[in-house]
Amino acid sequence: ISGGLTRRQLQLMEDFGTTVIGGTPSYTLVVAETASEEKIDLRSRMKVRVGFFGAEPWTEGMRREIEERFGIEAFDIYGLTEVIGPGVSAECWQHNGLHVNEDHFYPEVIDPETGKRLPDGEIGELVFTCLTREALPLLRYRTRDRVALVHKACPCGRTSVRMQRVQGRTDDMLIVRGVNVFPTQIEQVLLSHPGLTSNYQIIVDRQHDQLDELEVWAEVDEALHRQGGQAIGSLQTTVAKDLQQALGLHAHVLLVDPHHLPRSEGKVKRVLDRRQLTG
């Protein structure tokens, strides 16, 4: 599913009886949201059975939402435009890591600061070396993606190395009051609460050389919106406490109405950093 012309894409999916879809998880949820607005029941009117999603970090909460809305099985897929595009690695039916196509790519995980290789299971920066590409091979190419590798055989029977789901990028990390914060940490907290959608925005600001301020805006779903301000206020307090525990610093949480935040037709931009850093 490419970005744009969402209603037309829904029509094409129905007309052609599409059974497999692929795209960014955030835009796929925009498609689902548009279908809901148009009173289109994706489960009954579409024939989609499976989907492959990637190109941006996503969580199990987003997977569950996609699967529930479309009635499909959702798989994680990973690729790099610089290497080959989609297909560097993908999940099997176990959904327990993405199998790297080791015939073509040699993966490593390194400490992004020192360049030292890290052991299995430790999160660091993913590095790839092309083994079969002839015209423009890449040697120890630094992806900036944060993952961990697992060499243990998968229950599916394959023995190739697996990479765990991308946790974000090394250049996505925010430093707020000296604390390292990744957007995926915030997303995991938000999507653990029924009543919130996957639409959120993180805002970091600093006024007049004061301390950094972290704001998290998140959309409520239609059901919670109908319950009114008291229910929303109660959840807002709970989410703020959970974020404090997960991040180790206070975040101002604002739960907003459905459709309040802008939508993206490509890779979603979650972070708005307004800090004016002065020398």
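The values are calculated or read from the model by the stated rules, or taken from the named source; none is laboratory data. Everything numeric in this text was worked out from a predicted model, so none of it was measured. Here Cβ is always computed from backbone atoms with ideal geometry, including for glycine, and neighbour counts include all displayed protein chains.
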Check your understanding: Does any residue of the stretch 19-32 turn out to be modelled with pLDDT of 95 or more and in a helix (DSSP H, G or I)?
Key -> no
Check your understanding: Considering only the stretch 61-107, how many residues are surrounded by 15 or more Cβ atoms within 10 Å (Cβ to Cβ), acidic (Asp, Glu) and more than 22 Å from residue 157 (Cα to Cα)?
Key -> 1
**Study point:** Answer residue from the stretch 112-132, given it is exposed (fewer than 13 other Cβ atoms within 10 Å of the Cβ) and of a type in the set (Val, Ile, Thr) and is nearest to residue 101 (Cα to Cα) among those
**Key:** 132
Point to revise | Residue check, residue 30 within 22 Å of residue 195 (Cβ to Cβ), outside the structural domain of residue 135 (by TED's automatic domain parsing) and either β-branched (Val, Ile, Thr) or in contact with a Gly (Cβ under 9 Å, 6 or more places away or on another chain) (or both) | key: yes
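Can you work out which of the residues in the stretch 192-251 that are in a loop (DSSP other than H, G, I, E, B) and among the acidic types (Asp, Glu) is nearest to residue 271 (Cα to Cα)? Please lay out each step first, then the result.
To start, the set of residues in the stretch 192-251 that are in a loop (DSSP other than H, G, I, E, B) comprises 192-195, 206-212, 221, 228, 248-251.
Cutting the leftovers down to among the acidic types (Asp, Glu) gives us 209, 212, 221.
Numbers: 209: 21, 212: 14, 221: 21 Å.
Among those that are in a loop (DSSP other than H, G, I, E, B) and among the acidic types (Asp, Glu), it is 212.
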Review point. If residue 43 passes every condition in (1) of a type in the set (D, E, K, R); (2) out of contact with any Lys or Arg (no Cβ under 7 Å at 6 or more places or on another chain); (3) within 26 Å of residue 189 (Cβ to Cβ) but one, which one does it miss?
Key: (3)
Review point. Considering only the stretch 133-149, how many residues are closer than 11 Å to residue 83 by Cβ and out of contact with any strand residue (DSSP E or B) (no Cβ under 7 Å at 6 or more places or on another chain)?
Key: 2
